[in-house]
Amino acid sequence: MAIRNLTGSFTRPADTTAYASGDLVANSTTAGSVDAVELTHIGNKPAGTGMIRRVILRKSGTSTTNATFRVHLMRADPATVTNGDNGAFSISGVADYLGSADVTIDEAFTDGAWGAAAPNAGSEFMIRLGPGEQSIYAMVETTAAYTPGNAEVFTIGVDLIDETP
């Protein structure tokens, strides 16, 4: 058993257009160009298993006003992302959905802001990946009317207890 801190980042578009609650925060305003954040190395062998107890969200902007987000975790990259950044959050992939965590970014620093949360349902996300799979994927949804920084960078992290022998 090992504890791993997995992270992945994206830069949102270069604008400061306010989000409504339920909007997608992503790397592109074009649905076909949106990339889920890949969190790699779930297990040290194929078919990894483990538990995620905490989801961390950091951003390069220092404002914490209305900085509340839902981080969605999936076993596979969503096949369909219906909208781009600042559109309604709508993706496919219910069979691969692991769950979500509602993160309030409430710690401001001179170089960004930080927040963390436990899963919305249960005390952890249980992970079992198929043969050859070693990544999970994350997407971010706003849960309040948030005004972003221009080209703000979001970093998603998970604390994983890796149970792969």
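Only a single item in (1) touching an Asp or Glu at 6+ places or on another chain (Cβ under 9 Å); (2) hydrophobic (A, V, I, L, M, F, W, C); (3) without any contact (Cβ under 8 Å) to a residue 12 or more places away in the chain is not met by residue 94, and it is number (1). One residue stands out in segment 130-165 among those that are over 15 Å from the mean Cα position of the chain (by Cα) and closer than 14 Å to residue 86 by Cα: the one that is surrounded by the most Cβ atoms within 10 Å (Cβ to Cβ), namely 148.
So is residue 80 under 20 Å from residue 23 (Cβ atoms) and without any contact (Cβ under 8 Å) to a residue 24 or more places away in the chain or not? Yes: the conditions hold for residue 80. Somewhere in segment 71-80, is a residue outside any strand (DSSP E or B) and out of contact with any strand residue (DSSP E or B) (no Cβ under 7 Å at 6 or more places or on another chain)? Checked segment 71-80: at least one residue is outside any strand (DSSP E or B) and out of contact with any strand residue (DSSP E or B) (no Cβ under 7 Å at 6 or more places or on another chain). Selection of segment 64-91 for residues being within 16 Å of the chain's Cα centre (by Cα) and either over 20 Å from residue 31 (Cβ atoms) or modelled with pLDDT under 95 (or both) yields 67, 68, 73, 74, 75, 76, 77, 78. With respect to the conditions (1) outside any loop (DSSP other than H, G, I, E, B); (2) farther than 17 Å from residue 149 by Cβ; (3) of a type outside the set (A, V, I, L, M, F, W, C), residue 84 lacks only one, and its number is (1). Pairing residues of segment 114-125 that are without any contact (Cβ under 8 Å) to a residue 60 or more places away in the chain with residues that are assigned to a strand (DSSP E or B) and basic (Lys, Arg), at Cβ distances under 7 Å and at least 6 apart in sequence or on separate chains, gives 114/58. For segment 87-97, a tally of residues being among the aliphatic types (A, V, I, L, M) and assigned to a strand (DSSP E or B) returns 2. Residue 149 satisfies every condition listed in (1) under 19 Å from residue 93 (Cβ atoms); (2) in a loop (DSSP other than H, G, I, E, B); (3) small (Gly, Ala, Ser) except (1). Filter segment 98-132 down to residues that are of a type in the set (A, V, I, L, M) and not in a strand (DSSP E or B) and give me whichever is nearest to residue 54 (Cα to Cα). The qualifying residue nearest to residue 54 (Cα to Cα) is 118.
The values are calculated or read from the model by the stated rules, or taken from the named source; none is laboratory data. Predicted, not measured: the structure shown is a model, and the values here were computed from it. Every residue, glycine among them, receives a Cβ derived from its backbone with ideal geometry; neighbour counts consider all protein chains shown.
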